[in-house]
Structures are given as C-alpha cells and as structure tokens.
1. Along the charge dipole of the range 136-212, Cβ charges K/R +1 and D/E -1, which of THR182, ALA193, CYS167 sits furthest on the positive end?
2. What net charge do the residues around ARG3 carry, taking every other residue with its C-beta under 12 Å from that of ARG3, with Lys and Arg at +1 and Asp and Glu at -1?
3. Which ³J(HN,Hα) values in Hz, rounded to whole numbers, follow from the phi angles of the range 206-221 under the Karplus curve 6.51 cos²θ - 1.76 cosθ + 1.60, where θ = phi - 60° and Gly and Pro get x?
4. Provide GLU201, GLU8 in ascending order of the number of other Cβ atoms located within 10 Å of each residue's Cβ, fewest first.
5. Name the residue from GLN206, GLY141, VAL131 whose Cα lies farthest towards the positive end of the charge dipole of the chain, charges +1 on Cβ of Lys and Arg and -1 on Cβ of Asp and Glu.
6. Classify the range 3-120 from the C-alpha gyration tensor, please: rounded if a/c falls under 1.5, else prolate or oblate depending on whether a/b exceeds b/c.
7. Could you go through the range 179-188 in sequence order and give the Karplus-derived ³J(HN,Hα) for each residue, using 6.51 cos²θ - 1.76 cosθ + 1.60 with θ = phi - 60°, rounded to whole Hz, and x for Gly and Pro?
8. Amide H to amide H under 5 Å from GLY162: which residues, 5+ apart in sequence or cross-chain, H placed 1.01 Å off N in plane?
Amino acid sequence: MPRILLIEDDEQMRKLIKQRLSDTYEVFDTGDGTEALGLALEHRPDVILLDLMMPRYSGLELCQTLSSVGPTQRIPILVITGDANADTKAYCLNLGAWDYFEKPVDFARLKTTLANILKATPQPQASEATVHLKVIVKLRGTGTQGKEFELLTWTDEVSPSGFLCRCSVPVAKESTVEVFVTSRQGERRIGEAELTNIQWENMPWQACQFKFSGPVTDWVV
C-alpha cells in the first residue's frame, strides 16, 4: 500500500483523516513537528499531509524543510488547514506544497488528488541497488574538533559500496572512518569509508552517507 505521513496536532482530526484513508493507504501519523521529521526519514512516505498550526515547529517551517532538504525533497506535500487566507495558500505553494485543502476537508477531492499524485510521480531510479537493513556498526575516526571518537550506531540502508547510518558525532565531509560490524560472534573490521553526504546536519537524527574507499571484508551485501 502507498504510505502517507499525516502531521496534525488535533487528535480528533488526525483520527478522522486516518480513518477515511486507511482503506487505501498505510498511514503514519503524529501531532509533533519534531517527531514528524524523524518519521519522514524512517518511513519515506509517498505523500505528506501537513497541518499548518503545529506546536514547536510551524507547518510553514516543516513545509519549507521537508520540500528542500535531502531524502524528503521530492515527497509531495498537501497542506490541510483551517486558514482560508489566499496569501497563506500562495505562500505554501511557493514553499513547495503541491496542493492546499481547507477544513472541513473535502475527502473526495483529497482522494482524487492523492491518486493523481501517485499515478504521476515517477519512481526514482537508483544508480546502485540499496537494501533497507539495520546493521550494528562501529565507526572510529576523528571529529570536526580534532578529537578521536568511537561511535556505535546502526545503518538505515546498505549497498555493496557503502551505507547510510545515524551519526551523532560531528564529522567533516570527505573525512575517513574505520568501519566495524558488531554481531553475536563479536566484532570484525570491514574497511575504511569516506563521508560523502550529510542529511539533517547538526540535528539529533543526523544521518551520514559513507562510501567505502578501498576493499572491504565480509560486508553484508
């Protein structure tokens, strides 16, 4: 089933929207803007439904962030709000939202819009096959402050040439780390990897893309 991330702080509205869409879509929902960013990274939804009036992060801030950064950049965003102001609608569309729905929601139009988006949105073609796989890895290297570190973390996805993992330590791009895999059988060194990309830099859920810079030993794929 196509996946939808519903970001709405009104619990009753969130339950109503989820109920009306759950027969066709797998719906992940949250009322917290901070959690929403993490869910978007974790579940990679096909469409995001976003309320504007949110605690902590406003819907406008989330719309701008989700439509401009990293792996969420191409995910269509539909704004759902009680704000009927034409300037707000124009602003949301300029930020990157695909459409704008006023409350009470016209579910017939919403379902038609969702179907049309999923039909029209091309699926990205990966240059290399990746697998969504959680592997416990240890990274050893030098951070941006010149201090050596060892970090135990896990991958979000892996490929023959590298991996994406959560990395709470500030590391400079193009720096190299040693990579170890940890399992019940113990720890084994895999090789060295270069940091090629950082997603959500300086955030608690920061993720780093590493590419192996030489031969690897007993990697998972």
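Read-outs: derived from the displayed coordinates by stated rules, not from any lab. These figures come from a predicted structure and were not determined experimentally. All Cβ positions, glycine included, derive from the backbone under ideal geometry; neighbour counts span all protein chains shown.
1. THR182
2. -3
3. Residue by residue, the range 206-221 yields 3, 10, 10, 9, 10, 10, 4, 9, x, x, 10, 10, 6, 6, 6, 9 Hz.
4. Values: GLU201 13, GLU8 25.
Ranked by crowding around the Cβ, least crowded first: GLU201, GLU8.
5. Positive-end residue among those listed: VAL131.
6. Here the range 3-120 falls in the rounded category.
7. My calculation for the range 179-188 gives 10, 10, 9, 10, 8, 5, 7, x, 10, 9 Hz in order.
8. It is PHE212, by chain and number.
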